[in-house]
């Protein structure tokens with residue numbers, strides 16, 4: 001009976017590899033690069049390109065802890081960007097999709113908003129109006145387009161960008177690349193390429209002190 | 001030295017009547033088939049998440065990540081079908097036990113290295129839950145499945161199995 005089992009398992013491995021490869025978005029996706037500024041990790045870039053410190057957030061718009069962090073650090077982050085001390089990169093990921101595409105489509109919509117010149121406003125809107133439950137069907141294309149209207153995006157190209165999933169391949173590629181870097185959780189925050197704890201990121205005094213230390 | 005009348009009969013020693021053992025083995029086999037089916041189906045739907053889940057363990061070199069992540073769900077489904085039908089039951093149960101030992105070892109390794117991941121055993125991309133990883137629960141669960149696999153592999157022949165037809 002071992003021969004039967006061996007044969008079945010060999011067929012399973014080969015068939016599984018070929019079938020999954022044909023289904024993989026990473027393998028099949030068309031990757032469209034955004035026209036707006038892009039950081040070294042493929043995320044949307046905000047702030048003075050010559051700022052001495054780069055803060056990178058690897059986030060997922062469905063991730064509740066990302067939403068909590070956003071509430072805590074947004075005023076400090078905004079201030080540091082305005083002061084020219086920090087440029088901020090947001091890498092939107094699809095870590096929390098489980099048989100759904102809400103993380104993927106919201107992250108791709110944020111890239112559409114970046115191309116429309118309204119990334120920060122849209123990013124704030126997605127976190128501020130986050131659903132309490134993941135993969136609940138909350139982030140429909142209609143709602144993603146409505147968030148755009150609410151933050152003042154009037155260009156019809158934005159709605160087309162969202163509904164066509166223009167940057168889905170870009171987000172999928174970024175998610176895969178991020179995973180290859182060993183990042184498995186959101187939010188993950190880097191300051192000049194070094195991971196910091198979320199408790200430091202959420203503390204205005206410690207975050208400001210760290211930025212001052214990095215920029216000196 | 002114990003006198004003959006103090007020796008326990010096999011039935012008393014096992015507490016479960018001997019004629020029940022094949023049915024215990026059958027139940028364990030079907031539960032194990034269900035576990036593998038659940039694990040396989042959950043992963044097949046999202047090959048990219050499977051890749052991220054395997055990568056999160058930081059054990060396999062990148063070259064082997066995709067073959068493992070994409071082959072494993074079909075191996076799990078194949079084991080589910082074999083166990084459900086009762087075909088090549090003992091070899092399938094031994095392979096199940098081996099696979100579960102690999103999972104236990106990998107989870108223990110991740111825990112020992114302080115990584116914060118979800119096992120991805122039943123789908124998902126390896127991202128830890130908001131309240132942190134659940135390694136102890138995952139190890140306990142896999143340990144239980146391992147006991148079932150060993151019971152099927154080394155215990156009494158199970159009923160309602162195609163293997164029994166082949167022997168007749």
Condition met for residue A:47 (within 14 Å of chain B (Cβ to nearest Cβ) and buried (at least 16 other Cβ atoms within 10 Å of the Cβ)): no
Subset of the range A:1-36 [within 7 Å of another protein chain (Cβ to nearest Cβ), outside any helix (DSSP H, G or I) and within 30 Å of residue A:119 (Cα to Cα)]: A:24
The lone exception for residue A:95 - which of (1) in contact (Cβ under 8 Å) with a residue 60 or more places away in the chain; (2) closer than 29 Å to residue A:155 by Cα; (3) touching a strand residue (DSSP E or B) at 6+ places or on another chain (Cβ under 9 Å); (4) within 14 Å of another protein chain (Cβ to nearest Cβ) it fails: (2)
Residue within the range A:146-163 that is under 15 Å from the mean Cα position of the chain (by Cα) and either more than 21 Å from residue A:95 (Cα to Cα) or within 14 Å of another protein chain (Cβ to nearest Cβ) (or both) present: no
Residue count, the range B:92-129 (criterion: part of a helix (DSSP H, G or I) and either under 16 Å from residue B:35 (Cα atoms) or away from chain A (no Cβ under 13 Å) (or both)): 20
Of the criteria (1) away from chain B (no Cβ under 14 Å); (2) surrounded by 15 or more Cβ atoms within 10 Å (Cβ to Cβ); (3) not in a helix (DSSP H, G or I), which one residue A:80 fails: (3)
Residue among A:163, A:106 that is in a helix (DSSP H, G or I), surrounded by fewer than 17 Cβ atoms within 10 Å (Cβ to Cβ) and at pLDDT 95 or above: A:163
Pairs where the first residue, in the range A:6-19, is farther than 19 Å from residue B:96 by Cα and the second is in a helix (DSSP H, G or I), C-beta under 6 Å, 6+ apart: A:15/B:74; A:17/B:67; A:17/B:70; A:17/B:71
Residue match in the range B:132-142 (condition: part of a helix (DSSP H, G or I) and within 17 Å of residue B:27 (Cβ to Cβ)): no
Count of the range A:176-211 residues which are part of a loop (DSSP other than H, G, I, E, B) and within 14 Å of chain B (Cβ to nearest Cβ): 8
Members of the range B:130-142 that are facing chain A (nearest Cβ under 10 Å) and either touching a residue at least 12 places away in the same chain (Cβ under 8 Å) or within 19 Å of residue B:35 (Cβ to Cβ) (or both): B:132, B:133
Scope the range B:41-82; condition within 7 Å of another protein chain (Cβ to nearest Cβ), over 17 Å from the mean Cα position of the chain (by Cα) and farther than 20 Å from residue A:28 by Cβ; matching residues: B:56, B:58
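The values are calculated or read from the model by the stated rules, or taken from the named source; none is laboratory data. Just so it is clear, the model here is predicted, and its values are computed rather than measured. Quick reminder, even Gly has a Cβ in these numbers, built from the backbone with ideal geometry, and neighbours come from all protein chains shown.
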